[in-house]
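Notes follow once the structure below has been shown.
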Amino acid sequence: MSREEAGRRAIRRVAVVAKAGAPEGTRLASALAEWLEARGIEACCDAETAAAIGRAGAGPPAAPPDEVDLVVVAGGDGTLLGAARSAGPRGIPILGVNSGSLGFLTELHAAEMFAGLEAVLEGRFTIEERQTLRVRYGPAAGPADEYAVLNDVVITKGALARMIDLRVTIDDQDVATYTSDGLIVATPTGSTAYNLSAGGPILDPRMGAIVLSPICPHTLTYRPLVVPRDVRVEVSLRSGDEEVYLTLDGQVGLPFRPEQRLSIDDHPRPVRLVRVTGRGFFEVLRRKLRWGER
């Protein structure tokens, strides 16, 4: 979306989401709500944020209220991931304010918050769309629950489990049965998260793709795999007696059993991140990974 297109819609109602239990995030959220209301903009909160800053909640816990023009997250990348699961599928733009060091997803430092918001209210911003995964998980012969995931889907063994066997197919074609500690299925946005630690590739988050990275595979020829965004990835557990877990964006945890069906494909609604500073992905990458330093 161009800068002009992004600025046409007036912002009249903003959802404020803070990191639960974090004093700095709570302080920023309270100051943000007061700042917005002083400019005639309605500020509303999810129930947890409302309780933390002493306001009446307008939405369920950890979910921004409905019918808002913008979600502002005061916290870090993890807090933004939580808000994205709710706001992303509804197409609501999200602006991240980091109370610590600049993250991969958050756009503003705390000291930049009011200047950045002023620019947003004046229409001086752009929208960057980030690919999201649609995850369907449920019984092999029954209805599945559906989730929107911005970073990654991770399958891992339990604390005392041996290596697990995971069969992976792409568009009904066999890829491999990985004997490993687990598997990461990531978006380009999530390529700098667990995927990076597991030796997977870094992808420009503006592109469309799905990354599959086995975790500590028993066979060294199993390497990370990058496939087009329009494929369907299916994973099934072939280890019958192991304790295995499915984790979505590092925040939603589910037991993964052989009788369960896991299907992953491209979500039709991307997450819409507000960009106002002009900082690009590679600038953040250099800073976070300390590229070029000795």
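The values are calculated or read from the model by the stated rules, or taken from the named source; none is laboratory data. Predicted model only: the values in this text are computed from it and were never measured. Positions of Cβ are backbone-derived with ideal geometry, glycine not excepted, and every protein chain shown enters the neighbour counts.
Exactly one residue out of V235, V231, V274 is at pLDDT 95 or above, more than 23 Å from I164 (Cα to Cα) and not assigned by TED's automatic domain parsing to the domain that holds G116, and it is V231. Just one of the numbered conditions (1) modelled with pLDDT of 85 or more; (2) crowded, with 19+ Cβ neighbours inside 10 Å is not true of E24: (2).
Does L203 satisfy the condition of being surrounded by 19 or more Cβ atoms within 10 Å (Cβ to Cβ), in contact (Cβ under 8 Å) with a residue 40 or more places away in the chain and within 20 Å of the chain's Cα centre (by Cα)? It is false that L203 is surrounded by 19 or more Cβ atoms within 10 Å (Cβ to Cβ), in contact (Cβ under 8 Å) with a residue 40 or more places away in the chain and within 20 Å of the chain's Cα centre (by Cα). Under the condition of being of a type in the set (S, T, Y), out of contact with any Gly (no Cβ under 9 Å at 6 or more places or on another chain) and either surrounded by fewer than 16 Cβ atoms within 10 Å (Cβ to Cβ) or over 24 Å from P89 (Cα atoms) (or both), the residues counted in the stretch 122-175 number 1. Of the residues in the stretch 184-226, how many are of a type in the set (V, I, T) and either over 17 Å from V149 (Cα atoms) or in a loop (DSSP other than H, G, I, E, B) (or both)? The number of residues fulfilling the criteria is 6.
In the stretch 220-229, the condition of being among the hydrophobic types (A, V, I, L, M, F, W, C) and without any contact (Cβ under 8 Å) to a residue 12 or more places away in the chain is met by at least one residue. Among the residues of the stretch 255-268, those identified as of a type outside the set (D, E, K, R) and buried (at least 16 other Cβ atoms within 10 Å of the Cβ) are F256, Q260, L262, S263, I264, H267.
Going by what's in this entry, would R223 be described as under 16 Å from T189 (Cβ atoms), basic (K, R) and outside the structural domain of T106 (by TED's automatic domain parsing)? Taking the combined requirement at face value, the residue does not satisfy it. When residues in the stretch 241-254 are screened for being crowded, with 19+ Cβ neighbours inside 10 Å and among the acidic types (D, E), 1 of them pass.
Does V235 meet the test of being in contact (Cβ under 8 Å) with a residue 60 or more places away in the chain, under 14 Å from V149 (Cβ atoms) and more than 19 Å from the chain's Cα centre (by Cα)? So V235 fits the description; yes. If only residues of the stretch 12-54 that are of a type in the set (K, R) and within 18 Å of N98 (Cβ to Cβ) are counted, the one that is farthest from the chain's Cα centre (by Cα) is R27.
Yes or no: the stretch 162-185 includes at least one residue that is over 17 Å from V235 (Cβ atoms) and in the same structural domain as L254 (by TED's automatic domain parsing). Yes, the stretch 162-185 has at least one match.
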